[in-house]
Amino acid sequence: MCVSPFPTHLLPLLPRGTRVFPWLRAAILATLLPLMSCAPETDGGEPTGGETASSQTQASGELPEYTAHPSTQDPSVYVTMDTLEVWAKELSNWGRWGPDDERGTLNLITPEKIRQAAGSVQDGITVTLQHFVVMEDVLDSWTRGEADHWMVNVDPETGWVTSALDVVTIPLHDRTLSHMDALCHWATDSEEGIRATDRIPDRRIMYNGHPQNLTVDGCVAGATDRMGPGYVTRGILVDMPLLRGVEWLEPTTPVYSSDLEEWEEFAGVQVEPGDVLLIRTGRWAKREAEGPWAHHLGGSGLHASTLPWLHERGVALLVGDALNDVKPSGVDGFDWPIHQIGLVNMGLPMVDNGYMEDAARVAQELGRWEFMVSWQILEIPGGTGTPFNGLATF
């Protein structure tokens, strides 16, 4: 276990709330954040992109232990590192849309697909697919930085707020924020490999063979400002709790290709190229009923064996209500196969922590689970991700 040398409980005391202090606060945070986190490692000892435990978890020194769901070891779905190495090449979209492409499977959203999506609007009902970051330090939040909101102009003598101006800081990859990963968010050592073992960023490559080239300003290639301004396409909601007759899937429950095809038959839909595929496991319903839990260690999600299915169907954007990957993955030695093969080899952007509770309710009321999805990409220069502000319109 590693212990942060910086007392994180003092973060709220950092200066804020005047015309001068916001920039000073930002400078202090930029200096102290490296002291607040331990060197992140996965079970394979590889960097995970800046994960830190919440201060509550660090204080308790305890994290729950989960084991992979037994079904992941069934020979019909069992995936090994060797399997992933093969799929890294077989499922690769490198060069498919040209050597300079930085949008990946978003290229599948064609003008024809947009017209199809518009035609799916029948009732004029719009609901959000976004969950905003939790502004409190709890078990599943503040894992990659502090979320905060403060008023800019506060009189230092009276404490009066003198104008309606505020600042919001959010960690883009927080586990409570709906966010879309940029293609530069994950990397590898080679097109055939699946591990980014080299800790020197200039030697790592990402989707389409671009060097990852991380700088203090973010990604040089594959960042959110290079993935398009936003998109409109058809969305297909897979409501696994509804299919199974439960309120939510229990932690560690995998979703397989057979489940996706069973849902297609149940809902009378078929996932096609250019679609947004939204997988609801009921994470937010469980959190509302029972409170936050370490879903990054024990959470329902897609099993690695679905990767060829996602590639074959031509999914343009994958949206999960947790981390997309089932946790634990059931792949010995690697816990992020959906992210790794999806982002790096397939060029499949994905949304973590998407919110589908409202969409699931409306879809069940209407008896149809296809709709138009629209979202804007916040073009953050060098951004490794963007808040996902998706809308579903029925």
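Observations
- Residue in the stretch 148-156 that is free of Cβ contacts under 8 Å to residues at least 40 places away in the same chain, farther than 28 Å from P292 by Cα and either of a type in the set (D, E) or not in a strand (DSSP E or B) (or both) present: yes
- Some residue of the stretch 359-368 being in contact with a helix residue (DSSP H, G or I) (Cβ under 9 Å, 6 or more places away or on another chain), more than 23 Å from E264 (Cα to Cα) and either not in a helix (DSSP H, G or I) or not hydroxyl-bearing (S, T, Y) (or both): no
- Test result for R287, among the basic types (K, R), assigned by TED's automatic domain parsing to the domain that holds A360 and under 19 Å from T128 (Cα atoms): yes
- Candidates are the residues of the stretch 281-296 that are part of a helix (DSSP H, G or I) and not hydrophobic (A, V, I, L, M, F, W, C); the one that is surrounded by the most Cβ atoms within 10 Å (Cβ to Cβ) is R283.
- Condition check for D352: of a type in the set (D, E, K, R) and closer than 21 Å to L106 by Cα: yes
- Residue that is closer than 24 Å to D259 by Cα and surrounded by 13 or more Cβ atoms within 10 Å (Cβ to Cβ), where the choices are T105, T126, T110: T105
- The listed residue being farther than 27 Å from V133 by Cβ, of a type in the set (G, A, S) and buried (at least 24 other Cβ atoms within 10 Å of the Cβ), out of G299, G314, G330, G367: G330
- Per this entry, P308 is counted among residues that are in a helix (DSSP H, G or I) and over 17 Å from the mean Cα position of the chain (by Cα).
- The condition of being closer than 23 Å to E357 by Cα and either buried (at least 16 other Cβ atoms within 10 Å of the Cβ) or not assigned by TED's automatic domain parsing to the domain that holds L318 (or both) does not hold for H149.
- Among the residues listed as V79, V86, the single one being outside any helix (DSSP H, G or I) and either of a type in the set (A, V, I, L, M, F, W, C) or more than 29 Å from M356 (Cβ to Cβ) (or both): V79
- Residue, farthest from V351 (Cα to Cα), within the stretch 223-267, restricted to residues that are acidic (D, E) and either not assigned by TED's automatic domain parsing to the domain that holds Q122 or not in a strand (DSSP E or B) (or both): E265
- Within the stretch 114-140, considering residues that are of a type in the set (S, T, N, Q) and part of a loop (DSSP other than H, G, I, E, B), the one nearest to the chain's Cα centre (by Cα): Q130
- Checking each residue in the stretch 311-329 for being in a loop (DSSP other than H, G, I, E, B) and under 21 Å from L108 (Cα atoms) picks out G314, V315, A316, N324.
- Of the residues making up the stretch 247-280, those that are surrounded by fewer than 17 Cβ atoms within 10 Å (Cβ to Cβ) and out of contact with any Asp or Glu (no Cβ under 7 Å at 6 or more places or on another chain) are E247, E250, S258, E261, E262, E264, E265, F266, G268, E272, P273.
The values are calculated or read from the model by the stated rules, or taken from the named source; none is laboratory data. These figures come from a predicted structure and were not determined experimentally. With ideal geometry, Cβ positions are generated from the backbone for all residues, glycine too; neighbour counts draw on all protein chains shown.
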